[in-house]
Amino acid sequence: MGKSEAEKSPFSRFDHVAVVVKDMDKAIQHFSSLGIGPFERGNWPHIIEHVVRGKPCYARNKVRLAPMGSAGLELIQPLEGETIQREFLQTKGEGVHHLGFLVDDLDKEVENLIKRGIKVVQSGRRAKAGGHAFIEVGGIILELTQRW
């Protein structure tokens, strides 16, 4: 793949690996004991519009982030609502949930993926700009995020 193609890919800016957990405090204690951390809250605006499998819903997760080299470890504890994170926790238990990538224009990237037959399984929007979209490709969940 040529450099220009890689630059066009929505998967060229790897940001984080996300792990779904049952208990945030225990998870932070565990990962901290391995030398990962410190864990902090994200500093981005709240998501105001959630859509799961095409249906609007209310959702709330507790999220903490820790740097790991050039990327991060994101811990997610589902709190309220039916989300793909809660579904994962109920069917598979704790574990790696998705890989996250940063994009400059979420709407454009999602539109391009939909044209290629990829479905968005969950998304969220921020009040002014930005948000995220989760897609599933070959059994792997990928998250595209536009910070703001």
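For segment 80-103: of the residues being acidic (Asp, Glu) and touching a residue at least 24 places away in the same chain (Cβ under 8 Å), which is nearest to Ile141 (Cα to Cα)?
If we take residues in segment 80-103 being acidic (Asp, Glu) and touching a residue at least 24 places away in the same chain (Cβ under 8 Å), then Glu94 is nearest to Ile141 (Cα to Cα).
Could you check, for segment 95-112, whether at least one of its residues is farther than 14 Å from Leu144 by Cβ, modelled with pLDDT of 95 or more and in contact with a Phe, Trp or Tyr (Cβ under 6 Å, 6 or more places away or on another chain)?
For segment 95-112, residues farther than 14 Å from Leu144 by Cβ, modelled with pLDDT of 95 or more and in contact with a Phe, Trp or Tyr (Cβ under 6 Å, 6 or more places away or on another chain): present.
Mind listing whichever residues of segment 121-148 are touching a residue at least 60 places away in the same chain (Cβ under 8 Å), assigned to a strand (DSSP E or B) and not hydroxyl-bearing (Ser, Thr, Tyr)?
Within segment 121-148, Val121, Gln122, Gly124, Arg125, Arg126, Gly131, His132, Leu142, Glu143, Leu144 qualify.
Can you pull out the residues in segment 27-56 that are surrounded by 12 or more Cβ atoms within 10 Å (Cβ to Cβ), over 17 Å from the mean Cα position of the chain (by Cα) and not polar (S, T, N, Q)?
Answer for segment 27-56, where residues must be surrounded by 12 or more Cβ atoms within 10 Å (Cβ to Cβ), over 17 Å from the mean Cα position of the chain (by Cα) and not polar (S, T, N, Q): Ala27, Ile28, His30, Phe31, Ile36, Gly37.
Could you tell me whether segment 61-79 includes any residue that is outside any strand (DSSP E or B), surrounded by 12 or more Cβ atoms within 10 Å (Cβ to Cβ) and either in contact (Cβ under 8 Å) with a residue 60 or more places away in the chain or under 16 Å from the mean Cα position of the chain (by Cα) (or both)?
no
One residue is enough: does segment 11-20 have a residue meeting the conditions surrounded by 19 or more Cβ atoms within 10 Å (Cβ to Cβ) and farther than 22 Å from Ile140 by Cα?
There is no residue in segment 11-20 that is surrounded by 19 or more Cβ atoms within 10 Å (Cβ to Cβ) and farther than 22 Å from Ile140 by Cα.
Taking the condition modelled with pLDDT under 95 and under 13 Å from the mean Cα position of the chain (by Cα), does Ile84 pass?
no
The values are calculated or read from the model by the stated rules, or taken from the named source; none is laboratory data. Note that the structure is predicted; figures quoted are calculated from it, not measured. Positions of Cβ are backbone-derived with ideal geometry, glycine not excepted, and every protein chain shown enters the neighbour counts.
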